[in-house]
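Let me begin by presenting the structure, written as structure tokens, before commenting on it.
All of the numbers you see were taken from the coordinates with simple rules; none came from a lab. Treat the numbers as computed from the prediction; the structure is a model and nothing was measured. Neighbour counts run over all protein chains shown; Cβ positions are idealised from the backbone, glycine included.
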Amino acid sequence: MNNKTRIAETKTPEKMILDVKDLSVSFKTLAGDINVIRDINFSVDSGETMALVGESGSGKSVTAMSILRLHDEEKMNYSSGSIYFQGNNLLGSDESAIKNVRGSEISMIFQEPMTSLNPTFTVGSQIMEPMIVHKGMSRTAAKKRAIELMELTGIPQPHYRFDAFPHLLSGGQRQRMMIAMALACEPKLLIADEPTTALDVTVQLQILLLLEKLKKDFSMAVLMISHDLNLVKRFADQVCVMQEGNIVEQANVAALFNNPQHPYTIKLLDSEPQRVIPEGETDSLQDKKELLSGHNLKCYFSSSKGFFKRTTNTVKAVDHVDLFLREGETLGIVGESGSGKSTLGRCLLKLEKCTGDIYFDEKQIDQLKHTALRPLRKEFQVVFQDPYSSLSPRMTIEQIVGEGLQIHFPQLNKEQRRDKIKNVLIEVGLEDNILWRYPHEFSGGQRQRIAIARVVILEPKLILLDEPTSALDVSVQKQVLVLLRELQERHKISYLFITHDLKVIEAVSHRIMVMKDGKIIESGETSQVFNKPKEKYTKNLLTASLFKNEPDEKLIA
């Protein structure tokens, strides 16, 4: 049975709302057109969820944006094919007809809400806009409906948030605003490009359950773009797997996950994080000395108002936290956005002001001034979430990786520094001939390896990993996790691993701490917390992230 047959068995032409036929899209260059999408075919029925999956650069987002003709047609060329929406070929429609479809009949949720929301308008006015333009609603009625949608998508205090500007909201709140805007006109087709990437796992599940409910209530079709195979398995009806601009496999969800046919699909399904900690290693670390510890840590942020600057609100980002980390151990810190994970990490490394006692390598560092602390900086380093924003675009790889050597090892001459740089690049799986290249010339996974090389070259005892794999494809994510484990074994490094991805934490951590509202509410060995969680909040996180039980809307309401 071929792939087309596997998916055609469940298709109903009379219900078809979107039909993409032989679509090819090319990028215009001085040397000629370069194909980025090649002769792809798929269709979506009313009330159906079709998922496009694949790694970065496979053509998922290019395909989705082609449906609404959002590409700059001076740079992109729709080489061939057609896109039929409710019987009308969108590629043959004029600009006026396309504008009537955008936001009204077809809506799109983009991956990065900060670049999609207008920073000069309040979020409430942006949610109202499509209802006023496409439905002719009055501002009063549109505002009422906008607040209802904000509440529906989990925005706290929607009346207060209505007049907020995008930069005043968290990443998760901005994404929820985008979803509310997309649903404003109750579209017949919703294109969701990684719609839950910026959301906490419990809110992610709420949003997906909401989209599923709306899909059924309004017979709305959903075209979902995602790299999260666990999510696709739970919420999609049909799946198209894309690789290098081609659809290499199509099938319904059960057939694809139970019996994948194409080697690339098999590779994707095998890329889910697997535990890299050997059995019994956690117990063997019990006798190791404590490298890092914090006692009664507190970090409060206060806001003031009025002429006399009276304190109006105090956020307890870190509230009476105690923890320790042994040599060669990985401690995972998990929790939702705003729980205090990253703030706690910055406090421990003296990158944020806090109160409490902090000990590193048997030295108390909480009272040290900047000058006294500087020599210790090479012993604890940080790998950030997004390597593209943490690597200077104006510096070569040699300058980026070698910068710390110039500060902490000034006795090395230029040739000695270059030799160390080459050695560490090879150690993290890169070529040693990339010294004169720049970060934009590399893939996301390669950039993260460069970021890891930059800290490993200083031979630190501790590395703070702040969401180091969340921006990576699943297969690259697995490679980076294996690399981190190899470096830990080789150099006896301790990791403080901060993430919201419980699959990653389960794979790499010896122990776990769960944070909520600035407090540690549960901690223990990884297997203990995952198999026998004590707190309801922890159970909710596990259910929402791993779907260990059937998701229940009441569970996370």
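See the values below:
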| item | result |
| --- | --- |
| Unpaired by the 4.7 Å Cβ criterion, cysteines found in the chain | C185, C240 |
| Eligible lysines near K289 by straight Cα distance, threshold 19 Å, same-chain separation 8 or greater | K363, K461, K492 |
| The stretch 229-307: C-alpha pair distances exceeding 22 Å, % | 58 |
| 5 angstrom amide H check on V382, placed H, neighbours 5+ away | L464 |
| Debye log10 I(q)/I(0) at q = 0.05, 0.07, 0.08, 0.12 Å⁻¹ for the chain, Cα point scatterers | -0.23, -0.46, -0.61, -1.30 |
| Globularity ratio of the stretch 56-195, using Cα Rg and 2.2 N^0.38 Å | 1.10 |
| Whole-percent pair-distance distribution, where bins are 10 Å wide, for the alpha carbons of the stretch 113-186 | 23, 59, 17, 0 |
| Under-5 Å amide H pairs with L291, H placed in peptide plane, nonlocal only | L325, R326, E327 |
| The chain: angle of helix 171-183 to the longest principal axis, Cα-based, in degrees nearest 10 | 10 |
| Mean separation of Cα contacts under 8 Å (6+ apart) over length of the chain, as relative contact order % | 15 |
| Expected 222 nm ellipticity per residue - DSSP helices of 4 or more, -39500 (n - 2.57), all of the chain, to 500 | -10500 deg cm²/dmol |
| Which of L368, L152 has the fewest Cβ neighbours within 10 Å, and the rest in rising order | L368, L152 |
| Partner lysines for K532 [C-alpha distance under 27 Å; skip if fewer than 8 residues away on the same chain] | K233, K288, K341, K478, K503, K516, K519, K548, K554 |
| Packing-based order for 261-268, 144-151, 330-337, using average beta carbon neighbours within 10 Å, highest first | 330-337, 144-151, 261-268 |
| Note, ³J(HN,Hα) from phi for the stretch 133-141, Karplus 6.51, -1.76, 1.60, rounded to Hz, x at Gly and Pro | 6, 8, 10, x, 6, 6, 5, 5, 5 |
| ³J(HN,Hα) computed for each position of the stretch 379-396 - Karplus, 6.51 cos²θ - 1.76 cosθ + 1.60, integer Hz, glycine/proline x | 7, 10, 10, 10, 10, 8, 5, 10, x, 5, 7, 8, 9, 5, x, 9, 10, 6 |
| Under-5 Å amide H pairs with A236, H placed in peptide plane, nonlocal only | none |
| For S138, S170, order by how many other beta-carbon atoms lie within 10 Å, fewest first | S138, S170 |
| Order of D45, D22, D72 - criterion: other Cβ atoms within 10 Å of each residue's Cβ, fewest first | D72, D22, D45 |
| Per-residue ³J(HN,Hα) for the stretch 76-82, Karplus 6.51 cos²θ - 1.76 cosθ + 1.60, θ = phi - 60°, Hz, x for Gly and Pro | 10, 10, 7, 4, 7, x, 8 |
